[in-house]
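This report concerns only the one structure given below.
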Amino acid sequence: MDDKIVQLEVFHKDYNLDKKDNLDTLPEGEAVFGIFAIIHEKPVHCRYIGQTATLRKTIRDLFEHPGDEGFAKFMQGPWIQMLVYELMPGSSEEDRKKAADEWTKKHTPKCDEKGEYPR
């Protein structure tokens, strides 16, 4: 991966048995990001691509208010989530949307009603 890309397992204390939480360690700034599953410590099976002006808040919101049922099962279920992100300080929303579109083409995010990546 690009040296500007950061990969990090993310934990929300309300959604794992060990009550781990590292969301406060995330940067607060502008970013493009993806939420992935993990196999052998590598991000796989992308579930979500997004862009934001406030990375930390957005990732917390995705755990707490994930939207559709399938993505909720993934974010709040037994899977370990890997956040992959690139900070884009000072970027416009338009620039972040363009980057998110490129990431979407590259990673093809999908999530079925069970929270799994459809085969």
query: T52 is checked against (1) out of contact with any Ser or Thr (no Cβ under 9 Å at 6 or more places or on another chain); (2) modelled with pLDDT of 95 or more; (3) not aliphatic (A, V, I, L, M) and fails just one. What number does that condition carry?
result: (1)
message: Being in a loop (DSSP other than H, G, I, E, B), touching a residue at least 40 places away in the same chain (Cβ under 8 Å) and not basic (K, R) is the filter here; which residues of segment 93-119 pass it?
response: T108, P109, C111, D112, E113, G115, E116, Y117
message: Just checking, does segment 53-71 include any residue being outside any loop (DSSP other than H, G, I, E, B), among the hydrophobic types (A, V, I, L, M, F, W, C), in contact with a strand residue (DSSP E or B) (Cβ under 6 Å, 6 or more places away or on another chain) and in contact (Cβ under 8 Å) with a residue 60 or more places away in the chain?
response: no
query: Is at least one residue of segment 27-42 of a type in the set (A, V, I, L, M), at pLDDT 95 or above, outside any strand (DSSP E or B) and over 26 Å from P118 (Cα atoms)?
result: no
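Going through L62, L17 one at a time, which residue ends up being buried (at least 19 other Cβ atoms within 10 Å of the Cβ) and under 23 Å from E116 (Cβ atoms)? Reasoning before the result, please.
Values: L17 fails: buried (at least 19 other Cβ atoms within 10 Å of the Cβ).
Every option except L62 fails the conditions.
Go through segment 82-92 and give me each residue that's under 16 Å from the mean Cα position of the chain (by Cα) and either without any contact (Cβ under 8 Å) to a residue 12 or more places away in the chain or over 14 Å from L55 (Cβ atoms) (or both). It would help to see each step written out before you state the result.
At the first step, the residues of segment 82-92 found to be under 16 Å from the mean Cα position of the chain (by Cα) are 82-88.
Selection gives M82 alone.
Please verify whether segment 21-31 includes one or more residues that are under 16 Å from K110 (Cβ atoms), hydrophobic (A, V, I, L, M, F, W, C) and touching a residue at least 60 places away in the same chain (Cβ under 8 Å).
Looking only at segment 21-31, we keep the residues that are under 16 Å from K110 (Cβ atoms), and these are none.
No: segment 21-31 contains no residue that is under 16 Å from K110 (Cβ atoms), hydrophobic (A, V, I, L, M, F, W, C) and touching a residue at least 60 places away in the same chain (Cβ under 8 Å).
Could you grab me the full set of residues in segment 72-92 that are polar (S, T, N, Q) and in a strand (DSSP E or B)? Before you say what the answer is, go through the steps one by one.
Step one: of segment 72-92, the residues polar (S, T, N, Q) are 76, 81, 91-92.
Within segment 72-92, just Q81 meets the criteria.
Taking the options E113, E9, E86, E94, name whichever one is of a type in the set (D, E) and surrounded by 17 or more Cβ atoms within 10 Å (Cβ to Cβ).
Numbers: E113 fails: surrounded by 17 or more Cβ atoms within 10 Å (Cβ to Cβ); E9 fails: surrounded by 17 or more Cβ atoms within 10 Å (Cβ to Cβ); E94 fails: surrounded by 17 or more Cβ atoms within 10 Å (Cβ to Cβ).
Residue meeting the stated conditions: E86.
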Test: residue in segment 83-94 that is more than 19 Å from E28 (Cα to Cα), modelled with pLDDT of 95 or more, in contact with a Lys or Arg (Cβ under 7 Å, 6 or more places away or on another chain) and not β-branched (V, I, T): no
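The values are calculated or read from the model by the stated rules, or taken from the named source; none is laboratory data. Bear in mind that the values here come from a model prediction, so they are computed numbers and not experimental data. All Cβ positions, glycine included, derive from the backbone under ideal geometry; neighbour counts span all protein chains shown.
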